[in-house]
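Okay, so here's the structure we're looking at.
The values are calculated or read from the model by the stated rules, or taken from the named source; none is laboratory data. The structure displayed is predicted, hence computed values, not measured ones. A quick note on method: Cβ atoms are made from the backbone with ideal geometry, for glycine too, and the neighbour counts reach across all protein chains shown. Heads up: the accessible areas ignore ligands, DNA and RNA and are worked out on the full protein's heavy atoms, side chains in. Shrake-Rupley method; radii C 1.70, N 1.55, O 1.52, S 1.80 Å.
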Amino acid sequence: MNVAVSTNREGVSMRPKVQWRVRWESELCVADHVELSEFFRKSYGPTGAFNAQRFQDNRSWAGARPEVRAIGYDACGVAAHIGLLRRFIKVGEVDLLVGELGLYAVRPDLEGLGISHSMRVMYPVLHGLGVAFGFGTVRPALENHIARLLGRQGLATIIPGIRVRSTHPEVYLDLSTSRLDEALVLVLPIRRSISEWPTGTIIDRNGPEL
């Protein structure tokens, strides 16, 4: 499945256009993974050497591998990216099928491109997959940014005060096999309203973070 959406950088009409394409994981070739791996190293590098290191050896994923990706391209190559993976999470005592969103990144020279564009591209994909909600976690530093771009438009709701349990993508002899993080949970109502999101202060991913 491929779709394309052209948009300008938010608030700057003279920026080159970014074309969004939805790519299933099985559609990606070796050259795609090589290009994405370099993109992630450059995008995550400023946040810490460890974050960039996860994308060595042409690896284009960090923890869990995406099922489908929305990739923004411009004249310089990959401009932005967001990944999606269907999975059952446990919210309190309720098992819930969601489309987890993660691996969001924007090329450093395009800061401000806007996460709302990638979310809008993913909305019809989430509907087509039949999930009740989109789900993701947000770093506290991005709370105001996400709330402004998505919350005010009714695209998503941020739920604070939740702990999320995830497994490590690798097994380490000196570490527990899972971790428990305080997280800002991002919920996108897709086929059910936000009022139907289960209550619970702990969410279990039953797998590594996307």
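For Glu209, state whether it is closer than 23 Å to Glu67 by Cβ, within 19 Å of the chain's Cα centre (by Cα) and open to solvent by 30 Å² or more (accessible area, probe 1.4 Å).
Considered against the rule, which asks whether it is closer than 23 Å to Glu67 by Cβ, within 19 Å of the chain's Cα centre (by Cα) and open to solvent by 30 Å² or more (accessible area, probe 1.4 Å), Glu209 comes out as yes.
Filter the helices (runs of 4 or more DSSP H) completely within segment 38-154 down to those with at least 3 residues that are modelled with pLDDT of 90 or more.
Correct list: 115-129.
Inspect all residues belonging to segment 156-175 and state whether any of them is surrounded by 14 or more Cβ atoms within 10 Å (Cβ to Cβ), part of a loop (DSSP other than H, G, I, E, B), of a type outside the set (Val, Ile, Thr) and modelled with pLDDT under 85.
Looking for residues that are surrounded by 14 or more Cβ atoms within 10 Å (Cβ to Cβ), part of a loop (DSSP other than H, G, I, E, B), of a type outside the set (Val, Ile, Thr) and modelled with pLDDT under 85, one finds at least one in segment 156-175, hence yes.
Is it the case that segment 40-61 has a residue that's open to solvent by 60 Å² or more (accessible area, probe 1.4 Å) and under 26 Å from Tyr123 (Cα atoms)?
no
Of the residues that sit in segment 176-192 and are closer than 16 Å to Gly99 by Cβ and either in a loop (DSSP other than H, G, I, E, B) or charged (D, E, K, R) (or both), which one is most open to solvent (accessible area, probe 1.4 Å)?
Among those residues, the one meeting the criterion is Arg191.
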